[in-house]
Structures are given as structure tokens and as C-alpha cells.
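Below is one structure; the comments refer to it alone.
Only the coordinates and a few stated rules stand behind these numbers; no lab work does. Everything numeric here is computed off the predicted structure, so don't read it as measured data. Cβ placement follows ideal geometry from the backbone for every residue including glycine, while neighbour counts extend to all protein chains displayed.
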Amino acid sequence: MTRRRSALWAGLAIAGLGCGGKADSAGGGADGADGGADGAADGGGDGGLDSGTPPDAATVELAGACPQELRFGTFTIDSNEDYAAVSGAAADGVVPTAVLTELLRSGDCTIWRRENPFCDPPCASGETCGLDGTCVPYPTAVELGTVDVFGLLQPVSMQPVNPGAAYFDTSVPNPPWTAGQVLTLRTGAGPSAPVRVNAVAPEALALESADWSLAPGADFTVRWTPAPAGARSEVLLQLRIDQHGLTPASLECVFADDGEGTVPADTLSTLIGFGLTGFPAGSLVRQTADHAELGAGCIELHATSSRLARVEIEGYTPCRRDDECPEGQTCNEALERCE
């Protein structure tokens with residue numbers, strides 16, 4: 001079976017949430033009252049609490065995602081149609097282009113734009129162009145020591161892999177959890193005291209249809225099997241239809257997990273009006289999220305059940321070759337669209 005990556009695009013954060021402090025100071029020490037290296041010596045898979053008692057899924061703190069400008073690190077536990085994985089990384093800053101510009105907010109939906117800053121003269125090695133047109137240091141990857149995840153069906157303990165100090169485990173079963181279980185990620189030594197962030201394992205997401213047909217001037221409604229009563233998940237719709245623009249716009253909608261969400265016609269028309277290039281990409285993600293302070297920034301954990309969608313837009317044909325275009329049109333290979 002083809003292995004497909006979860007379509008969680010970097011930088012499309014849930015906006016407006018503050019970054020709270022949740023340093024792991026249980027028992028006054030980095031390893032908790034027992035002094036154990038994993039903080040769960042008395043009860044493996046217990047959510048990472050030193051007491052061995054897992055947190056209550058109904059009341060465990062879930063602070064949501066980091067603000068974009070403070071997102072120093074992201075970890076994701078994802079279960080999609082083909083496989084499951086735990087992955088993440090952290091840095092000592094934020095790449096300027098990861099901070100998106102809000103172009104439009106309507107109901108549950110927001111249109112974001114990735115900026116393309118220009119610096120003259122060009123930035124030196126180890127620098128990048130900031131949003132104000134001046135060169136700034138490029139964020140450096142940081143190691144967080146051993147990163148453990150508790151509450152999964154299979155224990156996960158990860159070491160950083162260089163270059164990039166990336167963390168990952170692709171050996172977990174799919175799904176990697178029991179829905180409703182509290183999941184806890186705890187870092188080791190890093191740019192701050194060890195921190196702990198939580199999530200609640202979501203139910204597997206089931207779409208009514210993975211074929212999305214979009215048309216300017218028409219609402220687009222997506223449907224899925226709703227989460228059980230009391231679930232703490234939300235559903236994130238992501239849509240990219242301008243893959244090769246200089247400042248691509250993208251759409252993000254955050255819906256209540258009640259089985260249905262609608263992108264308003266005017267919002268969809270505005271998105272299409274910003275440009276169509278390349279092959280449209282869409283995803284629907286059921287998730288829970290939490291964040292904590294990491295140095296001067298923020299680290300977040302997402303537990304996600306993600307599904308990719310096949311996206312068609314009325315009147316638009318993406319392409320790689322001329323023979324993929326309607327009669328009378330040719331393929332603009334640079335923009336991957338028929339013209």
C-alpha cells in the first residue's frame with residue numbers, strides 16, 4: 001500500500017492561543033519525585049505522571065497550539081489511512097516565512113498567506129531574510145534529550161537524529177492508541193527545563209467522501225462521522241490550491257467535531273481569486289493539541305487522525321504534460337496548470 005504523508009502543513013497554526021508555562025517540575029526535580037529517568041517507573045504507559053495515575057481525559061489541560069511567532073517546536077502523533085508515526089523537532093527560533101499573514105477570517109475559516117521577504121544584499125550563510133527585509137540569524141535545531149511518549153499502545157522513547165535533531169518513530173501500530181486515552185510527551189534536557197505536554201487520543205476520522213469538488217460562488221460542505229459525546233477533539237480542514245505562487249494563499253477552517261463543516265461561498269471564491277497553480281491539496285484532521293513554554297518560545301503536541309482528499313476545482317485543470325490538458329490548451333509546466 002502506498003505510504004502517504006499526513007497533510008499537516010507547517011505554519012498553519014490555530015491562531016490566537018497564548019503560550020502557557022508547563023515546565024516539568026513535579027517533585028521539584030527534572031525527573032519528578034521518584035528521580036526516575038522516564039518519570040513513569042511505577043506505571044509505564046500511564047500518561048507520564050510520576051504518581052503512576054494517568055490524567056483524566058475529561059479534565060487534563062489542553063492549551064491548544066502555539067502562536068505562530070513562538071512555535072519553536074512541534075511534535076505530532078498521527079494516524080492516517082496507511083500508517084502511524086510519532087515525529088517532531090525543535091529550534092531556538094522561528095523561520096520568518098513560517099509566520100503567516102491573515103488575509104481573511106470568516107466564521108470558522110481563515111485564509112493565510114505565506115510571505116516571500118526580499119533582502120538586498122542577500123543574507124550571509126547562517127542567516128535568512130526577515131519579514132521586514134533585513135537579515136536575521138537562521139534558527140538552529142536544538143536537541144531535547146530523550147523524548148518519551150506515554151499512553152500509547154507501544155512505548156515510545158526517541159533520541160535526536162542529526163542533522164536537524166529530528167525525532168521520529170515509525171514502528172508504532174496503526175492506530176497507535178486507544179481512543180480517549182491521555183497521551184503525554186515529555187522532553188529531556190534542552191534549552192529549558194524538561195517540559196510535558198498532553199493530548200487525548202482521537203477517534204479514527206471517517207469521511208463521507210474524500211473527493212472534494214469546489215466551485216467559485218458555491219458553499220463547500222464536508223461531512224464526517226462525529227466524535228462521541230464528551231470528546232475533546234476538533235476538526236481542521238486545510239486546503240492549498242496555489243502551490244507555485246510567489247505568496248501562496250491557503251485555507252484553514254477549525255470546526256466543532258459534530259460531523260459537518262462548511263466553507264462559505266465568498267471565502268472559497270476569495271481563495272480561488274488569489275490564484276490557482278499546481279495540484280490542489282486538501283486534508284481533514286481530527287485533533288487535540290497542547291503547548292508549553294520552551295525557552296523563549298513554545299513547543300506543541302498534536303494527536304491527529306488525518307485523511308487526505310482529492311480536490312477538483314471547477315474550470316481548472318492541473319497538469320504536468322500537454323496531453324493532460326483539455327483540447328485547445330497547453331500545459332504551463334512551471335505553474336503546473338492548463339492554459
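Count charges around T110 for me, please; just the other residues with Cβ under 10 Å from its Cβ, Lys/Arg as +1, Asp/Glu as -1.
Once positives and negatives cancel, what remains is -2.
Would you list the P(r) distribution for the range 45-186, with all Cα-Cα distances sorted into 10 Å bins from 0 and each bin expressed as a whole %?
10, 29, 31, 22, 8, 1
Would you grab the residues whose amide H sits under 5 Å from the one on E260? Only those 5+ places off in sequence or on another chain, please, with H modelled 1.01 Å from N.
W224
How high is the relative contact order of the range 26-338, given as a whole-number percent (alpha carbon pairs under 8 Å, six or more residues apart)?
So the answer I get is 20 percent.
Counting other beta carbons within 10 Å of each residue's own, what order do T221, T270 fall into, fewest first?
Ascending number of Cβ neighbours within 10 Å: T221, T270.
Would you mind classifying the range 141-280 by shape? Square roots of the alpha carbon gyration tensor eigenvalues, ordered a ≥ b ≥ c; an a/c under 1.5 is rounded, otherwise it is prolate if a/b is larger than b/c and oblate if not. Working shown, then result.
Working: a/c = 2.70, a/b = 1.55, b/c = 1.74.
Oblate is the answer for the range 141-280, as a/c is 1.5 or above yet b/c matches or exceeds a/b.
Determine the sum of side-chain charges near Y138: Lys and Arg each +1, Asp and Glu each -1, restricted to other residues whose C-beta is under 12 angstrom from that of Y138.
That works out to -2.
Would you mind pulling out the separation of the Cα centroids of the range 297-339 and the range 134-171, in Å?
Taking the Cα centre of the range 134-171 as reference, the centre of the range 297-339 is 31 Å away.
When the C-alpha atoms of the range 26-338 are aligned to their principal axes, what extent does each axis show, in angstrom, from largest down?
72, 53, 34
Starting from the amide H of A65, placed 1.01 Å from N in the peptide plane, find each other amide H under 5 Å away whose residue is 5 or more places distant or on another chain.
I14
Would you mind ranking H244, H302 by Cβ crowding within 10 Å, fewest neighbours first?
H244, H302
How much net charge surrounds T262 when only other residues with a Cβ under 9 Å from its Cβ are counted (Lys, Arg +1; Asp, Glu -1)? Let's see the in-between values first.
Numbers: positive: none; negative: D108, D219, E260.
Computed value for this residue: -3.
Mind sorting S106, S283 by how few other Cβ atoms lie within 10 Å of their own Cβ, fewest first?
Lowest count first: S106, S283.
So who's got an amide H within less than 5 Å of the one on A166, skipping anything under 5 residues away but keeping other chains? H placed 1.01 Å off N, in plane.
V161
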